[in-house]
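Down below is the structure, laid out as structure tokens.
The values are calculated or read from the model by the stated rules, or taken from the named source; none is laboratory data. Given the structure is predicted, the values throughout are model-derived calculations rather than measurements. Positions of Cβ are backbone-derived with ideal geometry, glycine not excepted, and every protein chain shown enters the neighbour counts.
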């Protein structure tokens, strides 16, 4: 059975995406950003399930009655990060202000020849680190991605930069993907993946965690992968702060994920909940950066 995020259809057409890309590159960011307002209005009026999901999430995180303006701000922030992917992928970093922390945890491991898992989420922009890493500083990086959710967007945007597109390891269910991960880790490469969604496949292991006071189903794959590879597990956010400002945040979840034989399930639960707690803290600090526009808590399935 698919999960709600997999049932959410990709909106737009190749022509629409190509047009936005053309405007972004030919007319510049200020003009392109003006387009975000009608795009935001379109989603508010016609993307009913996404709008409702936004309102449900914002009500939880803001703890007050949610207005249409709140949802507009939420959708606009998401659209802004999608637009900026064009500039990130074409290495036009001068158009953006990207703030890095004083301690770059994955880079420090990489310089010592140690690979690690970089655990992201649909909070902010993952692209802000991937593109910058490939172009601006020596952090070897590969990204695990489930391309089937938005194939048009992946194809149109990745065509802008083949070097960045080559960092992708596709999650297609074949063993070759895991072999590529092992090879990358062994070479001291950082491997990034998103940990806040489950694929919905029948054999995927999950645990129930608590997020914003409500139970939510989470994949155990990141914890199990980090344990099997015996590598550090680092949580990452590329937070959109408005305008052209982004802030990179790293947080070490575990130097090594250790699962004891007698308490294995409890240990998996604890590590996963720790990740969810870090997500919740960031959601409360920057609520409009949460870009899971579906019934994340799956209230309709209970």
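For the stretch 221-242, enumerate the residues that are free of Cβ contacts under 8 Å to residues at least 60 places away in the same chain and not in a strand (DSSP E or B).
Within the stretch 221-242, 221, 223, 224, 227, 228, 230 qualify.
Could you check, for the stretch 71-90, whether at least one of its residues is in a helix (DSSP H, G or I), surrounded by fewer than 18 Cβ atoms within 10 Å (Cβ to Cβ), more than 24 Å from the chain's Cα centre (by Cα) and without any contact (Cβ under 8 Å) to a residue 60 or more places away in the chain?
Looking for residues that are in a helix (DSSP H, G or I), surrounded by fewer than 18 Cβ atoms within 10 Å (Cβ to Cβ), more than 24 Å from the chain's Cα centre (by Cα) and without any contact (Cβ under 8 Å) to a residue 60 or more places away in the chain, one finds none in the stretch 71-90, hence no.
Which of the residues belonging to the stretch 89-140 are in contact with a strand residue (DSSP E or B) (Cβ under 8 Å, 6 or more places away or on another chain) and closer than 24 Å to residue 22 by Cα?
Matches in the stretch 89-140: 96, 97, 98, 124, 125, 126, 127, 128, 129, 130, 132, 134.
Tell me whether the stretch 267-280 contains one or more residues that are part of a loop (DSSP other than H, G, I, E, B) and either surrounded by fewer than 17 Cβ atoms within 10 Å (Cβ to Cβ) or touching a residue at least 24 places away in the same chain (Cβ under 8 Å) (or both).
For the stretch 267-280, residues part of a loop (DSSP other than H, G, I, E, B) and either surrounded by fewer than 17 Cβ atoms within 10 Å (Cβ to Cβ) or touching a residue at least 24 places away in the same chain (Cβ under 8 Å) (or both): absent.
Take the conditions at pLDDT below 90 and over 20 Å from residue 282 (Cβ atoms) and apply them to residue 129. Does it pass?
For residue 129, the condition - at pLDDT below 90 and over 20 Å from residue 282 (Cβ atoms) - is not met.
Could you look through the stretch 93-112, keep only residues that are at pLDDT 90 or above and in a loop (DSSP other than H, G, I, E, B), and pick out the one that is surrounded by the most Cβ atoms within 10 Å (Cβ to Cβ)?
96
Can you name the residue in the stretch 175-185 that is more than 20 Å from residue 129 (Cα to Cα) and touching a helix residue (DSSP H, G or I) at 6+ places or on another chain (Cβ under 9 Å) and, of all such residues, is modelled with the lowest pLDDT?
Applying the filter and picking the extreme gives 178.
Tell me which of these residue 258 doesn't satisfy, since it passes every other one: (1) at pLDDT 95 or above; (2) more than 14 Å from residue 120 (Cα to Cα); (3) not in a loop (DSSP other than H, G, I, E, B).
Evaluating residue 258 over (1) at pLDDT 95 or above; (2) more than 14 Å from residue 120 (Cα to Cα); (3) not in a loop (DSSP other than H, G, I, E, B) leaves (3) as the failure.
Would you say residue 216 is at pLDDT 95 or above and surrounded by fewer than 18 Cβ atoms within 10 Å (Cβ to Cβ)?
It is true that residue 216 is at pLDDT 95 or above and surrounded by fewer than 18 Cβ atoms within 10 Å (Cβ to Cβ).
Does any residue of the stretch 179-191 turn out to be in a strand (DSSP E or B) and surrounded by fewer than 21 Cβ atoms within 10 Å (Cβ to Cβ)?
no
Evaluate the following for residue 288: is it more than 15 Å from residue 216 (Cβ to Cβ), touching a residue at least 40 places away in the same chain (Cβ under 8 Å), more than 18 Å from the chain's Cα centre (by Cα) and not in a loop (DSSP other than H, G, I, E, B)?
Spelling it out, it is not the case that residue 288 is more than 15 Å from residue 216 (Cβ to Cβ), touching a residue at least 40 places away in the same chain (Cβ under 8 Å), more than 18 Å from the chain's Cα centre (by Cα) and not in a loop (DSSP other than H, G, I, E, B).
State which residue is surrounded by the fewest Cβ atoms within 10 Å (Cβ to Cβ) when the search covers only the stretch 18-32 and only residues that are farther than 16 Å from residue 81 by Cα and without any contact (Cβ under 8 Å) to a residue 12 or more places away in the chain.
26
I'm told residue 22 meets every condition in (1) out of contact with any helix residue (DSSP H, G or I) (no Cβ under 7 Å at 6 or more places or on another chain); (2) closer than 16 Å to residue 295 by Cα except one. Can you identify the failing condition by its number?
(2)
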